[in-house]
Amino acid sequence: MPVRSRVKTFTMDGQDVSGHESETILEIARQNDIDIPTLCQLDGLSIIGACRLCLVEVVGWNKLVPACATYVEEGMEVVTNSERLQNYRRMIIEMLFAEGNHVCSVCVSNGNCSLQYLATKLGMDYVRYPYLNPDRTVDMSHERFVMDHNRCILCTRCVRVCDEIEGAHTWDVEGRGYKSHLITDLDIPWGDSRTCTSCGKCMNVCPTGAIVEKGKPAGEMIKRREFLGYLTKMRGVNNNE
Amino acid sequence: MTQTITIDPVTRIEGHSKITIQLGEDGSVADARFHVTQYRGFEKFIEGRPFYELPGIMGRICGICTISHELAAAQACEAIMSVRVEGTAADLRRIVNYASLLQSHALSFFYLSSPDFLLGMESDVAKRSIFGLLETHPEIVRDGVRLRSFGQKIIERMAGRRIHPTWIVAGGVSEPLDAGVRETILAELPEIKALVRRSLDWFKRAMADYHEEARVFANFPTLFMTLVDEREDVLELYRGRLRVVDSTRREILADFHRTEYQDYIGEAVEPDSYLKSPYYKPMGYPDGIYRVGPLARLNVIGKMGTPEADQELAEYRGLNHLSSFYFHYARLIECLHAVERIEDLLDKPSILNPRVRAHASANVSEGIGVTEAPRGTLIHHYEVDEQGVVTGGNLVVATTHNNLAMNRGVLQVARRYIDGENLSEGMLNRVEAVIRTFDPCLSCSTHASAQIPLRVQLLDPAGAVIEEALRG
């Protein structure tokens, strides 16, 4: 009788690879230096598979799957970078740009932004959708930080880090679809929040210029995310399991 | 039958505009107007932004005078923060401001206007440009390119990049001066000073051929306004008090702090232009016509404050200070002054001091910043809420101040040169050339996209277009 192995062998872009059954396609890709773009995913935070940038093809499967949220299986043939995937990824980035007010040239995160980096890397040279130019606000009520809803892409990294790592759960999402937006506590100004510990973790994990330090002019906002790896390692937490 | 000539677009200026010339029944010029046909809207879309982002946002108004907008915005922000930037940070800003003046004046004088002086107002229009000059006066073109590049490179070396640097921040500057950069700039200064001196020499000789232009290029009495140093009666471009003198330039009509500008400057709106028409309030509209920019600066101040520029100022004093033609001359004198000042500032032992930035949040609800841009006085005025979110803004840009004078200048030149019966390109060029003396930057002034084109329309008394000359 065959023994069920917990190590799966399969191929990724034609290359023979292997991984533990508890590992995702994204983890194995990174171990093998295969680059799959991500935006909502951040090592140390739980997986939500929301941004869909890491979608990959598996031969024989009739739909695309998010690499961050799909565990490896024996014999699967993963394709990470087909023309179809590239087109979809660009489309996603374009939709993010069209949905918010992303003005890179004067943004505090200019040059240090994951959205801007991916737009350049994925070759976004125009946006095929009409810009919505939504009327969004900037919350400057917090003493040290600023929430600029114009730049928010709803990746919810802030929501997860605040809940899972800091344990405060100050952030959450209100509204549905196009009207979704981040709130602090029960939708009160951030500066009035009694749960916020002003730790700044949300600001550091935010991939864009949405949550930033107060007083930083254009291009000066640099996020530091190293803390997340150290904290999760010290605590022995693995939110991916 | 009367006619209207339209010059659309006006060429060799910065931004979009047109000129309409209305002819009377006898074919003579009845009226002429300068219209700015672009709209920017910066005052509106800064609303809702954190105030300290404004230097970065406002710098984007213009790729030529970025530094001026950033300085005015930063000063307004510092008023909101209740911070006064002194010492090394102020000196570093001054150096970059002089560098910006050099590159902008080089653009106006050499690239845009010198073809008129060197090739002639009536010369072949196809060759009347910097490219035409390259064939006839390559050494002068080289000087212009060199001067502009020198200014741009100072900005790049000190502020990080030539266009839209983000080095000027609310509270100071983001990086102190590098000792190596200081040495590099100092080493290039003697060559640049020699370049400016020889440009002054040939222009002074060339002026002899332009008596008639000097007589009719916006030559009329107006008031003049500029910033002056807070302590001495010398030129100060970065920060100071505002002063208005009468047309004789001998009587000071007003000397006031920037926060009082609305007591002295009114802003009228004309239906045919996106450019407002400011006027000196105590004299009303339109009698309170005034001019700003290099000519006004030299007319208002007692001294330049640097030895070689002061010698040139003494010579300038012998000329008719009311003619806008001498804007060009004033521009070159200011270049000499800027080179001298850059040298003085770089020689200061404190210039390498690393303490160049203050931090503060919004402490008051309103801030006004005033600086002298290459083309004149630049006012930025913001209002913020208690958290520092911008709730309103008002800009009075250098070119805007000159609007009434530019309009009157166009009429004066049109009356002298336009013959409705025999319209020639050379006539139209003189109408454009009077606008060029002011070195208008229309993209800045109206707060619209840029392309640099002039349209002259000839209208009949009923307003129908009879003839139209198009360029661009």
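Would you please classify the overall shape of region B:221-304 from the alpha carbon gyration tensor, given that a ≥ b ≥ c denote the square roots of the eigenvalues, rounded means a/c under 1.5, and beyond that prolate means a/b larger than b/c while oblate covers the rest? Could you put the intermediate results ahead of the total?
Working: a/c = 1.90, a/b = 1.69, b/c = 1.12.
Judged from the Cα gyration tensor, region B:221-304 comes out prolate (a/c at least 1.5, a/b above b/c).
For labels at A:W61 and A:T120 in the simple 7 Å Cα→Cβ model, what's the distance in nm?
3.2 nm
Pop the C-beta distance of A:T11 and A:R176 into the FRET formula with R0 = 30 Å and round what comes out to the nearest 0.05. Don't skip to the end; give the middle numbers.
On the way: r = 40 Å, r/R0 = 1.33.
Calculated value: 0.15.
Let me spell out the model: positive unit charges on the Cβ of Lys and Arg, negative unit charges on the Cβ of Asp and Glu, origin at the Cα centre of the protein assembly as shown. What dipole size does that give, in debye rounded to 20? Write down the numbers at each step before the final one.
Working: 79 positive and 96 negative charges, 150 e Å.
Its charge dipole is roughly 720 debye.
What FRET efficiency, computed as 1/(1 + (r/R0)^6) with R0 = 56 Å and r the Cβ-Cβ distance, is obtained for B:A464 and A:Y88, rounded to the nearest 0.05?
The value I calculate is 0.45.
For region A:66-220, calculate the relative contact order in percent as a whole number, restricting contacts to Cα pairs under 8 Å that are 6 or more residues apart.
Relative contact order here is 28 percent.
Sorted by packing (mean other beta-carbon atoms within 10 Å per residue), highest first, where do B:355-362, A:153-160, B:369-376, A:95-102 land? Don't jump to the answer; show the numbers that get you there.
Working: B:355-362: 16.6, A:153-160: 23.4, B:369-376: 28.0, A:95-102: 19.4.
Going by the mean number of other Cβ atoms within 10 Å, highest first, we get B:369-376, A:153-160, A:95-102, B:355-362.
Which is farthest toward the positive dipole end of the protein assembly as shown among B:I379, A:P189, B:V434, measuring Cα position about the Cα centre, with Cβ charges +1 (Lys, Arg) and -1 (Asp, Glu)?
Final value for the positive-end residue is A:P189.
Please report the relative contact order for region A:1-40, taking Cα pairs under 8 Å with a sequence separation of at least 6, and give it as a percent rounded to a whole number.
Over region A:1-40, the number comes to 25 percent.
Check the straight Cα-Cα distances from B:K276 and name the lysines below 18 Å, setting aside those fewer than 8 residues away within the same chain.
Those lysines meeting the cut-off are B:K18, B:K44.
Test of the criteria: in region B:19-71, which GluC sites (Glu not before Pro) are in a DSSP loop and have at most 15 other Cβ atoms within 10 angstrom of their Cβ?
B:E25, B:E47
Label-point separation (nm) for B:K204 and B:R84, each offset 7 Å from Cα along Cα-to-Cβ?
3.9 nm
Rounded to whole Å and ordered largest first, report the semi-axes of the equivalent ellipsoid of region A:7-81 derived from its Cα gyration tensor (root of 5λ).
Output for region A:7-81: semi-axes of 18, 14, 11 Å.
Based only on the alpha carbon positions, what is the Kirkwood hydrodynamic radius of chain B, in angstrom?
Value: 22.4 Å, from the Cα pair sum.
When only alpha-carbon atoms are used, what values of Rg and Dmax, in angstrom, describe the protein assembly as shown?
For the protein assembly as shown, the Cα-based Rg and Dmax read 30.3, 112 Å.
Pick from A:E94, A:E174, A:E73: which residue has the top mean-square fluctuation in a GNM of chain A where Cα pairs under 10 Å get a spring?
A:E174
³J(HN,Hα) across region B:201-207 via Karplus (A = 6.51, B = -1.76, C = 1.60, θ = phi - 60°), whole Hz, x for Gly/Pro?
Couplings: 4, 6, 5, 4, 5, 5, 4 Hz.
Counting Lys and Arg as +1 and Asp and Glu as -1, each charge on the Cβ, what is the dipole of region B:249-336 about the Cα centre in debye, to the nearest 20?
100 debye
Can you give the average number of partner chain beta-carbon atoms within 10 Å of each beta-carbon in peptide B:41-52, as a whole number?
Averaged over the peptide's residues, the number is 3.
Taking amide H atoms as placed 1.01 Å from N in the peptide plane, list the residues 5 or more away in sequence, or in a different chain, whose amide H sits under 5 Å from that of B:G392.
Under 5 Å from the amide H of B:G392: B:E383.
For a Förster distance of 41 Å, can you work out the FRET efficiency between the beta-carbons of A:R235 and B:Y39, rounded to the nearest 0.05?
Efficiency for this residue pair is about 0.15.
Which part of region B:133-157 falls in the paramagnetic zone of B:S123, meaning amide N under 17 Å from the point 7 Å along Cα-to-beta-carbon?
B:133-145
Towards the positive end of the charge dipole of chain B, with charges on Cβ (+1 Lys, Arg; -1 Asp, Glu), say which of B:H105, B:G388, B:I163 has the farthest Cα.
Highest projection toward the positive end goes to B:I163.
Would any residue of region B:332-350 have its amide N under 19 Å from a label point 7 Å out along Cα→Cβ of B:E175? List them or say none.
B:346
Viscosity 0.890 mPa s, temperature 25 °C: give me the Stokes-Einstein translational D for chain A in µm²/s, with Rh taken as the Kirkwood radius over C-alpha pairs. Don't jump to the answer; show the numbers that get you there.
Numbers: Rh = 19.3 Å.
Rounded to a whole number, D works out at 127 µm²/s.
For region A:1-65 and region B:28-43, what is the separation of their Cα centres, given in Å?
When both Cα centres are located, 62 Å separates them.
Nothing charged except the Cβ atoms of Lys and Arg (+1) and of Asp and Glu (-1): what's the magnitude of the dipole of region B:199-356 about its Cα centre? Round to the nearest 20 debye.
Its charge dipole is roughly 200 debye.
What full-extension length gain, to one decimal in nm, is calculated for A:E164 and A:R4 as 0.36 nm per residue of separation minus the Cα-Cα distance?
Gain in length upon complete extension: 54.2 nm.
Quick one: what does P(r) look like for region A:157-219 with 5 Å bins over all Cα pairs, in whole %?
Result, from short to long distances: 4, 17, 26, 27, 16, 9, 1 percent.
Counting other Cβ atoms within 10 Å, which trypsin sites (Lys or Arg not before Pro) in region A:1-93 have at most 12 and lie in a DSSP loop? Kindly include the intermediate steps, with their values, before the conclusion.
On the way: sites: A:R4, A:R6, A:K8, A:R30, A:R52, A:K63, A:R84, A:R89, A:R90; in loops: A:R4, A:R6, A:R52, A:K63.
Passing both the DSSP loop test and the Cβ count: A:R4, A:R6, A:K63.
From other protein chains only, count the Cβ atoms within 10 Å of every residue's Cβ in A:216-223, then give the mean.
5
Using label points projected 7 Å from each Cα along Cα→Cβ, tell me how many nm separate B:K303 and A:S46, to one decimal.
Output for this residue pair reads 7.4 nm.
Peptide A:136-142: average number of partner chain Cβ atoms within 10 Å per residue?
The mean count of partner-chain Cβ atoms within 10 Å per residue comes to 4.
If the chain between B:E383 and B:D31 were fully stretched, how many nm would it gain, using 0.36 nm times the residue separation less the Cα-Cα distance?
That works out to 122.8 nm of additional length.
Suppose we take every Cα in region A:86-220 and form the convex hull; what volume per residue is that in Å³?
Numbers: hull volume 15.0 nm³, N = 135.
Taking the convex hull of the Cα positions in region A:86-220, it is 111 Å³ per residue.
Every number in this text was worked out from the coordinates using simple rules, so none of it is lab data. All of these numbers come straight from a predicted model, not from anything done at the bench. We place every Cβ from the backbone using ideal geometry, glycine too, and count neighbours over all the protein chains shown.
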